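What follows is a short report on a single structure.
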Amino acid sequence: MLTGLLAGLLPACAGDRPANLGAREGGLAPCPSSPNCVSSQADDDRHRIEPLAFTGDPDAAFTRLKGVLAARGDTTIIEETPGYLRVELQTTFFVDDGEFLLDRARQVIQVRSASRVGYSDLGKNRRRMEEIRRAFSPAGRVP
């Protein structure tokens, strides 16, 4: 009985894929007012996170990021276009949405990660993006 109850609740925790995501003129979608989102393009401290910085060839950096994401057990690439990745990030019960946008001129990859459901994520999206940053860093640590 418990298994059946959990099987019925889990799809509700995943939520629907947001329709407002995707690379657009000017960057990534803004975060909602809730604290369950981080973005390197946010203006406020609550949501702001640093982009992924790199040196050298932008395409090589983006390929390195794809390798980092592929090595994670919680990440599925949903959309890929030149210089843009949209991913789903799994937790035990929830699905979050991540985006990565190559900014060649600034030599950074803009990032955004947001929960699909709920209000607070207890910092999960920020922690996950920092894990990705450490793995992306050439030295394996945050510079």
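The values are calculated or read from the model by the stated rules, or taken from the named source; none is laboratory data. Just so we're clear, the structure is a prediction, and the values are computed from it rather than from any experiment. Using ideal geometry, Cβ is built from the backbone for each residue, glycine included, and neighbour counts are taken over all protein chains shown.
Brief remarks follow.
- Considering the conditions (1) modelled with pLDDT of 95 or more; (2) surrounded by 12 or more Cβ atoms within 10 Å (Cβ to Cβ), CYS31 is excluded by exactly one of them, (1).
- Residue satisfying all of: in segment 108-130; in contact with a helix residue (DSSP H, G or I) (Cβ under 7 Å, 6 or more places away or on another chain) and of a type in the set (S, T, N, Q); surrounded by the most Cβ atoms within 10 Å (Cβ to Cβ) among these: SER113
- Within segment 40-82, tally of residues that are over 14 Å from PHE100 (Cβ atoms) and assigned to a loop (DSSP other than H, G, I, E, B): 11
- Complete set of residues in segment 102-134 that are assigned to a strand (DSSP E or B) and either over 10 Å from the mean Cα position of the chain (by Cα) or among the charged types (D, E, K, R) (or both): LEU102, ASP103, VAL108, ILE109, ARG112
- Index of the failed condition, LEU85 passing every other in (1) crowded, with 16+ Cβ neighbours inside 10 Å; (2) over 11 Å from the mean Cα position of the chain (by Cα); (3) outside any loop (DSSP other than H, G, I, E, B): (2)
Residues are listed down the side, and each one gets a yes or a no for (1) of a type outside the set (S, T, N, Q); (2) at pLDDT 95 or above; (3) surrounded by 14 or more Cβ atoms within 10 Å (Cβ to Cβ); (4) closer than 21 Å to ARG126 by Cβ:
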| site | (1), (2), (3), (4) |
| --- | --- |
| HIS47 | yes, yes, yes, yes |
| ALA53 | yes, yes, yes, yes |
| ASP59 | yes, yes, no, no |
| PHE62 | yes, yes, yes, no |
| LEU65 | yes, yes, yes, yes |
| LEU69 | yes, yes, yes, yes |
| GLY73 | yes, no, no, yes |
| THR81 | no, no, no, no |
